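Notes follow the structure.
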Amino acid sequence: MPRFQRPTGTVDVLPEEQPYWHYIRDRARHLAELAGFERLDTPIFEATEVFARGVGAGTDIVDKEMYSFEDKGGHRITLRPEFTAGFIRAYLENGMHVRPQPVKLYTFGPLFRYERPQAGRYRQHTQFNVEIIGEQDPMADLEVMLLAWDVYADLGFRDLAFQLNSTGCPHCKPGYIAELKAYYSHYQAQICDDCRRRLERAPLRVLDCKAEGCQPIIANAPHITDHLCTECADHFATLLEYLDLLGRRYTLNHRLVRGLDYYTKTVFEVWAAGIGAQSAVCGGGRYDGLAELLGGPPTPGVGFGSGLERIIMVMKELGIEVPPLAHPQVFLAHLGPAAQREALRLTDRLRQADIGVWTAFGERGLRSQLREAGKRNTRYVLILGENELQAGVVTVRDMEAGEQSKVPLPELVAWLTARV
Ligand code: HAM
């Protein structure tokens, strides 16, 4: 038989890694709910059209990275590569526009992109995703940014700063794109092949190019923030004022364009050292036209996604530790068939009383069971043998204090409850 391996670009999250996952989800959920966000879970797969229209044909995600297939009913299905388009689909489908607006939503879950795997970039990754749908006030942009910041600060990140830009709206973006193309027309010979293609399909992405030869051209390219219409410029100025007011640092980055087509106005990322070339620990922005792209009425929205794998990489890089997960503090050893049956009853009673217990399997000698107890790292070892059964007691070893005592069986739950 072949030995199977996990698919390229995926990870097994082993038990020893779980404390990070548990802790991050717990803190993020807590902070999101403090700010009035409610949880929404959508399916892991959607109709392919949701992403083709929402994220946009011409983006890497849609053109190269989607896990798409035809199901047995002949429907085109895609494993979600991101949350936002599915959230808007759910908002429209469930009539969430009749609730008090805006709705503030968050979730956690796996996403799928057929990417070239490297440190911090996987084919299945997990995001903490946050959206405010139905509000155009720049305060909504601020609120999602605050939540991202507060989560990272709470986890112990240092030197936080946003990368920030505005990508305009359907009124001002086309004018800027024309300007950008005109500027690039002077450099057709110097730019890389990718940029030549980008100018056709996704012109803003030329600003994101990593090729060395393109850098001086990008450095002198026109800035979109100089071409915003009054509404977009006001929106951006107000957001900057709010960020200043609350002391959240940002760097204006005219090259920040993001890889999804739905963005309007604000776009932002948070970068962190120590996670390799893929340095964005979160990315987001405003998407006021997305609902219409998906057949709904005009509905503004803003949000972000943050990769949990990347958050964990940063935490490890910074030496941030998390509390261990609870595990049983009691090991139950038993000797002989009658004691084993009593041990089963006792296990049941202890767990009903909310006391975690690891009960030895099989019939083994005391030494072997005590060795196992040592490895399981429990504070108390209970020993139940013929003698104990006859006397109606349990021998209890406190491994930390190095003490041993006999506790009457009927008193055991109370005895342990007082201690674990
Ligand atoms: P995104 O920038 O594609 O945006 O992804 C958001 C975050 O997810 C990234 O900053 C990164 O932390 C993580 N991430 C993305 N791809 C991978 C990968 N292949 N491996 C590991 N981590 C990854 C979006 O997905 C938008 N839907 C965010 C958003 C929400 N915009 C508005 N609302």
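The values are calculated or read from the model by the stated rules, or taken from the named source; none is laboratory data. All values derive from a computational prediction rather than experimental measurement. Backbone-built Cβ (ideal geometry, glycine too); neighbour counts: all protein chains shown. Quick note on the areas: whole protein, heavy atoms, side chains included, nothing else; ligands and nucleic acids left out. Shrake-Rupley method; radii C 1.70, N 1.55, O 1.52, S 1.80 Å.
The figures follow:
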read-out	value
Carbon and sulfur %, accessible surface of the chain computed with the full protein complex present, 1.4 Å	51 percent
Stokes-Einstein translational diffusion, the stretch 330-417 - Kirkwood Rh over all Cα pairs, 1.002 mPa s, 20 °C, in µm²/s	168 µm²/s
For the chain, calculated [θ]222 nm from helices alone, where every DSSP H run of n ≥ 4 adds -39500 (n - 2.57)	-10000 deg cm²/dmol
Extension gain from Tyr114 to Asn377, taking 0.36 nm per residue of separation minus the Cα-Cα distance	90.6 nm
Relative contact order computed over the stretch 330-417 (Cα-Cα under 8 Å; 6+ residues apart), in percent	31 percent
Mean-position separation - Cα centroids, the stretch 215-230 and the stretch 348-419, in angstrom	71 Å
Residue-by-residue Karplus 3J(HN,Hα) for the stretch 42-57, coefficients 6.51, -1.76, 1.60, Hz, glycine and proline x	10, x, 6, 10, 9, 4, 3, 4, 4, 7, 4, 7, x, 6, x, 4
Integer Hz, Karplus 6.51/-1.76/1.60 couplings in order for the stretch 92-107, x for Gly and Pro	5, 5, 8, x, 5, 6, 8, 6, x, 9, x, 9, 10, 10, 9, 7
Packing rank of 191-202, 6-17, where each peptide gets the mean count of other beta carbons within 10 Å, highest leading	191-202, 6-17
Furthest towards positive pole of dipole, Ala189, Thr225, Leu204, structure part the chain, Cβ charges	Ala189
Set of lysines near Lys316 by C-alpha distance (under 24 Å), chain-local residues within fewer than 8 positions excluded	none
Cα lying deepest toward the dipole's positive end in the chain, options Gln136, Gly283, Tyr122, charges on Cβ	Tyr122
By average C-beta atoms within 10 angstrom, highest first, the peptides 107-115, 377-385	377-385, 107-115
Solvent-accessible area per residue for the stretch 330-417 (1.4 angstrom probe, square angstrom)	56 Å²
Rg/Rg_ref, the chain, where Rg_ref = 2.2 N^0.38 Å and atoms are Cα	1.29
Signed unit charges on C-beta, dipole axis of the chain, positive-most listed residue Phe51, Cys214, Gly336	Gly336
Residue among Leu370, Leu207, Leu160 with the largest mean-square fluctuation in a Gaussian network model of the chain, springs linking Cα atoms under 10 Å	Leu370
Computed magnitude of the charge dipole of the chain (debye, nearest 20; Cβ of K, R +1, Cβ of D, E -1)	1180 debye
FRET efficiency, Leu366 to Arg27 (Cβ-Cβ, R0 51 Å, nearest 0.05)	0.75
Under the Karplus curve 6.51 cos²θ - 1.76 cosθ + 1.60, θ = phi - 60°, whole-Hz ³J(HN,Hα) for the stretch 354-368, x wherever Gly or Pro sits	6, 9, x, 9, 9, 9, 4, 8, x, 10, 9, x, 4, 4, 4
Relative contact order of the chain, defined on C-alpha pairs under 8 angstrom at six or more residues apart (%)	16 percent
At 0.692 mPa s and 37 °C, Stokes diffusion of the stretch 1-160 via Kirkwood alpha-carbon radius, µm² per second	186 µm²/s
Accessible surface, per residue, of the stretch 157-247 when the full set of protein chains is kept, probe 1.4 Å, Å²	54 Å²
